[in-house]
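Take a look at the structure set out below.
The values are calculated or read from the model by the stated rules, or taken from the named source; none is laboratory data. Not measured: the values here are computed from a predicted model. Every residue, glycine among them, receives a Cβ derived from its backbone with ideal geometry; neighbour counts consider all protein chains shown.
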Amino acid sequence: MNRREFLAKLVRYGLSAGALSALPVERLLAQEFYPRLAVPIIDAHAHLPGYSWDEEHTFDAIRRAELCAISMAVMGDNKTIVGRDSTYAKAKEGIEFVRQWEAQKRIKIVRRPSDIPLQPVLSGPISVILSIEGGDALGTDIERLDEFYGLGVRMITLVHGTSEVSGDNQIGNDMRQYPSDGDDDGLSDFGYQVVRRMNRLGMVVDVAHASTQTLYDVASCTRAPIIDSHTSPFPPSVTWRPPSRLRLYEEMAAIVETGGVVCTWPYGFDGNTFDRLTFADWVEEIKVFKSHFGIRFIGLGTDSGGGLPGYVDGWEDISSVGLLQDAMRSGGLGPLEISSFMSLNFLRVFTRCHAVARVLGYLNA
């Protein structure tokens, strides 16, 4: 494969022509990336090892997964903590844990796209995309976004709740509290400010957990791609959803229209209308998504450490991601398609958000 063919296939499978110039293509080539397209992995959503709901989520498991980078989310919601400004304090406490790990050289916080290595990190610090799950930590103070950015945060999940505790907050509403056609106010005025400021800073806007109308409002006002960092789709034939964490195709279309990515997880369940029990089921889901939108808009977000109630058969921890790659190959997906899902698609969004921020800063927009 020569340079021209490689670039052409990157455009087709992983990148838009406009984003290609913003990515480190020369680094890809210099590191002989293309013979190893099935290897690079970026996990768009996980939790802090040792401070999560799963004992299996450890630094050792992350190391065995041979990732290029992993998003580590500190909690910034009202799910388990109450009281004025407690979510802000809790988020800063989690951030401090991560910054201490960086000082100990256990991890390296990713602050720009070039900080993400294009080969698996087999030794040395693990590359971490620092994120916050739950915009409650912002309160109603937009300046906290700048503070969090200065501390290394590069992604925020705007809304976060559980099936028992509502995630509705000052930004938007929680999809587990509203059906897709529910009485949902969507993004608040403050929420619109948050999305605009995150675009200006170059932070990735994550609509995981966001209600249907909140998602649509974010998609309508963002100037950069957005993601849903951990979910899975209903079948295309389903056009209405109850309060749930699964996405309709209509909802995912709004994310795709921004140039964003829907990241899917190892959640396994035996449903009333359809099952998601095996790696083969997960791969079939990816292939159906591909047939509707193309491969460049879907990625990986494991929610490792998040306490999923069940897993596809064979998933033990983040190091099981290699089994998904094997299933994708067996399911007929090629190396560039697997690489797009595993890393390139998220890297494109992360890079585009960074580039949009630079343009907006230049234009003072």
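Say we look at the range 100-110 and pick out the residues that are in a helix (DSSP H, G or I) and in contact with a strand residue (DSSP E or B) (Cβ under 7 Å, 6 or more places away or on another chain); which of these is farthest from residue 150 (Cα to Cα)? Only one residue fits best here, namely 101. Would it be correct to say that residue 300 is buried (at least 21 other Cβ atoms within 10 Å of the Cβ) and either under 18 Å from residue 259 (Cα atoms) or out of contact with any Ser or Thr (no Cβ under 9 Å at 6 or more places or on another chain) (or both)? Yes: the conditions hold for residue 300. For the range 115-137, filtered to residues that are farther than 19 Å from residue 343 by Cβ and in contact (Cβ under 8 Å) with a residue 60 or more places away in the chain, the residue that is surrounded by the most Cβ atoms within 10 Å (Cβ to Cβ) is 133. With respect to the conditions (1) in a loop (DSSP other than H, G, I, E, B); (2) within 15 Å of residue 76 (Cβ to Cβ); (3) of a type in the set (D, E, K, R); (4) in contact with a strand residue (DSSP E or B) (Cβ under 9 Å, 6 or more places away or on another chain), residue 141 falls short on a single one, namely (4).
Rundown of residues vs (1) within 18 Å of the chain's Cα centre (by Cα); (2) modelled with pLDDT of 95 or more, yes/no style:
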residue	(1), (2)
301	yes, yes
304	yes, yes
315	no, yes
318	yes, yes
326	no, yes
336	no, no
340	yes, yes
343	yes, yes
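Considering the range 265-292, and only residues there that are of a type in the set (Val, Ile, Thr) and not in a helix (DSSP H, G or I), the residue that is surrounded by the fewest Cβ atoms within 10 Å (Cβ to Cβ) turns out to be 273. Criterion applied to 106, 112 was being at pLDDT 95 or above, touching a His at 6+ places or on another chain (Cβ under 8 Å) and surrounded by fewer than 16 Cβ atoms within 10 Å (Cβ to Cβ), and the one residue passing it is 112.
For the range 160-189, filtered to residues that are within 20 Å of residue 301 (Cβ to Cβ) and of a type in the set (Gly, Ala, Ser), the residue that is surrounded by the fewest Cβ atoms within 10 Å (Cβ to Cβ) is 163. Of the residues making up the range 67-90, those that are at pLDDT 95 or above and either in a strand (DSSP E or B) or over 17 Å from the mean Cα position of the chain (by Cα) (or both) are 69, 70, 71, 72, 73, 74. Has the range 158-165 got any residue that is assigned to a loop (DSSP other than H, G, I, E, B), closer than 23 Å to residue 359 by Cβ and in contact (Cβ under 8 Å) with a residue 24 or more places away in the chain? Checked against the condition, which is being assigned to a loop (DSSP other than H, G, I, E, B), closer than 23 Å to residue 359 by Cβ and in contact (Cβ under 8 Å) with a residue 24 or more places away in the chain, the range 158-165 yields at least one hit.
Give me the residue from the range 303-319 that is free of Cβ contacts under 8 Å to residues at least 60 places away in the same chain and not hydrophobic (A, V, I, L, M, F, W, C) and, out of that set, farthest from residue 283 (Cα to Cα). My answer is 309. Filtering the range 207-244 to residues that are surrounded by fewer than 24 Cβ atoms within 10 Å (Cβ to Cβ), within 18 Å of the chain's Cα centre (by Cα) and under 17 Å from residue 169 (Cβ atoms) leaves only 212.
Identify the single condition in (1) surrounded by fewer than 24 Cβ atoms within 10 Å (Cβ to Cβ); (2) touching a His at 6+ places or on another chain (Cβ under 7 Å) that residue 157 does not satisfy, given that it satisfies every other one. Every condition holds for residue 157 apart from (1).
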